[in-house]
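> Take this structure first; my questions come after.
The values are calculated or read from the model by the stated rules, or taken from the named source; none is laboratory data. What you are looking at is a predicted structure, and each value in this text was computed from that prediction instead of being measured. Cβ sites come from the backbone with ideal geometry, for glycine too, and all protein chains shown count toward neighbours. The area values use the complete protein model at the heavy-atom level, side chains included, leaving out ligands, DNA and RNA. Shrake-Rupley method; radii C 1.70, N 1.55, O 1.52, S 1.80 Å.
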Amino acid sequence: LGVEAVLALNSAVTGGLLPARTFVLALGAAEARGRQGEYLDRIEREDEDFRSVVANGYRELAVLFPERVSLLDAAEPPEAIAEQVREQVRTV
């Protein structure tokens, strides 16, 4: 659909309500596949092209809304990611 269409649809459905902060956990395709469980839902069964389009969409959102959307490196240890989230939430 593209970022613009998804934003318009989201705005219509939520009445323009947006979260104060959105965290996107960015991870390379190979590592993400390695973290998948045995049972995959419909989205998890999509191919690499689909995943690439979605990942690019989230990156685009981070560029469009840098004050609200934060890209975090999901390859970092969970404790490091949690600390980054805590720091950013404190400033909202």
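> Pick from 55, 29, 8: which is surrounded by fewer than 12 Cβ atoms within 10 Å (Cβ to Cβ), within 29 Å of residue 89 (Cβ to Cβ) and of a type in the set (Gly, Ala, Ser)?
Of 55, 29, 8, the one residue that is surrounded by fewer than 12 Cβ atoms within 10 Å (Cβ to Cβ), within 29 Å of residue 89 (Cβ to Cβ) and of a type in the set (Gly, Ala, Ser) is 29.
> If you check 81, 43, which single one turns out to be out of contact with any His (no Cβ under 9 Å at 6 or more places or on another chain), loosely packed, with under 10 Cβ neighbours inside 10 Å and free of Cβ contacts under 8 Å to residues at least 60 places away in the same chain?
Going through 81, 43 in turn, just one is out of contact with any His (no Cβ under 9 Å at 6 or more places or on another chain), loosely packed, with under 10 Cβ neighbours inside 10 Å and free of Cβ contacts under 8 Å to residues at least 60 places away in the same chain: 43.
> Oh, and also: Which condition number in (1) at pLDDT below 90; (2) over 15 Å from the mean Cα position of the chain (by Cα) is the one that residue 43 fails?
(2)
> I'd like the full set of residues that are among the charged types (D, E, K, R) and under 25 Å from residue 76 (Cα atoms), limited to the stretch 1-40.
Within the stretch 1-40, 21, 31, 33, 35, 38 meet the criteria.
> Now, a different point. Looking at this structure, is residue 14 closer than 21 Å to residue 2 by Cα, in contact (Cβ under 8 Å) with a residue 24 or more places away in the chain and hydroxyl-bearing (Ser, Thr, Tyr)?
In short, no.
> Within the stretch 17-40, track down each residue that is polar (S, T, N, Q) and without any contact (Cβ under 8 Å) to a residue 12 or more places away in the chain.
Hit for the stretch 17-40 is 36, nothing else.
> Then there is this: Which of the numbered conditions does residue 1 fail, given that it passes all the others? Conditions: (1) touching a residue at least 60 places away in the same chain (Cβ under 8 Å); (2) not in a helix (DSSP H, G or I).
Of everything listed in (1) touching a residue at least 60 places away in the same chain (Cβ under 8 Å); (2) not in a helix (DSSP H, G or I), residue 1 misses just condition (1).
> Then there's this: Go through the residues of the stretch 18-25 one by one and say whether even a single one is open to solvent by less than 60 Å² (accessible area, probe 1.4 Å), β-branched (Val, Ile, Thr), under 17 Å from residue 69 (Cα atoms) and outside any helix (DSSP H, G or I).
Looking through the stretch 18-25, at least one residue is open to solvent by less than 60 Å² (accessible area, probe 1.4 Å), β-branched (Val, Ile, Thr), under 17 Å from residue 69 (Cα atoms) and outside any helix (DSSP H, G or I).
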